[in-house]
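The values are calculated or read from the model by the stated rules, or taken from the named source; none is laboratory data. Because the structure is predicted, anything quoted here is derived from the model rather than measured. Note that each Cβ is placed from the backbone with ideal geometry, even for glycine, and that neighbours are counted across all protein chains shown. These area figures cover heavy atoms from the full protein model, side chains too; ligands, DNA and RNA do not enter into them. Shrake-Rupley method; radii C 1.70, N 1.55, O 1.52, S 1.80 Å.
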Amino acid sequence: MESITGGAGAAASPRRVVVAVDESEESMHALSWCLSNVVSSAAAAKAPPAAVVLVHARPARPLYYPVIDGAGYVLTQEVMDSMDRYMATAADTVVAKARNICTAFPNVKVETRVEKGDPREVICGAAEKAGADMLVMGSHGYGFLQRTLLGSVSNHCVQHCKCPVVVVKRPGAGDGKAQPQS
C-alpha cells in the first residue's frame, strides 16, 4: 500500500505537491497541514524533499471599458489600472505569507505561480502544468446554499484534476479538529 508520501518511485524523485493559496485562514491552514503531514512524512521516510508549488489565482480584469459599476459610476482606465495594481499587491502579500509559513521547512523547494483567471481553472491547470503528485487546498466550509450559489472551487478541483486532491477542512469545522476530507 502506498503512503501519502509516495510508493516505490518516491525514493527516485521528489514529490511535487501543489497547494492552492488565497487570503483566507483556511488556505494557510491547508498549507501548514501539508507541510506538517506530507512534507514531514517524506523527510521522516528519508525520501527526497518534496517540491511545493504555491498557486494563487487572481481575478481576471473585466474586458469592457469604460464600465459602469453598481452605483452608476464610470470606472475609467486609470481606476481599472489602480484596481490591477491593488490585486497584484494583494497577490504578492498572499504569496509572501505562504512562503513565510514554508520557511519552517528549510529543505523544501518552494515555487510560486500567480495566474489571472477563474480559481477553479487556474488551480486545475497549474496542477497539471506542474506535474503534481497531489493538490492540497483548504475548504471554506460553506453550507449547502452558499455552495449552490457561489460554487465550490474544491469540489470542482476534486472532480476535474488529474492528480489526487486533498481538501483540508478549516480549523474549528465539524468536530473541532482540522482533518482532510475526501
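The table that follows gives values for the structure above.
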{"read-out": "Residue satisfying condition, being modelled with pLDDT of 90 or more and touching an Asp or Glu at 6+ places or on another chain (Cβ under 6 Å), within set VAL94, VAL136, VAL110, VAL114", "value": "VAL94"}
{"read-out": "Neighbours by Cβ (under 7 Å, 6+ apart or cross-chain): first from the stretch 72-85, closer than 25 Å to GLU115 by Cβ and open to solvent by less than 60 Å² (accessible area, probe 1.4 Å); second at pLDDT below 85 and among the aromatic types (Phe, Trp, Tyr)", "value": "MET80/TYR65"}
{"read-out": "Within the stretch 22-59, considering residues that are small (Gly, Ala, Ser) and outside any helix (DSSP H, G or I), the one modelled with the lowest pLDDT", "value": "ALA45"}
{"read-out": "Checking ARG99 against (1) within 15 Å of ASP22 (Cα to Cα); (2) at pLDDT 95 or above; (3) open to solvent by less than 90 Å² (accessible area, probe 1.4 Å), the condition it does not meet", "value": "(3)"}
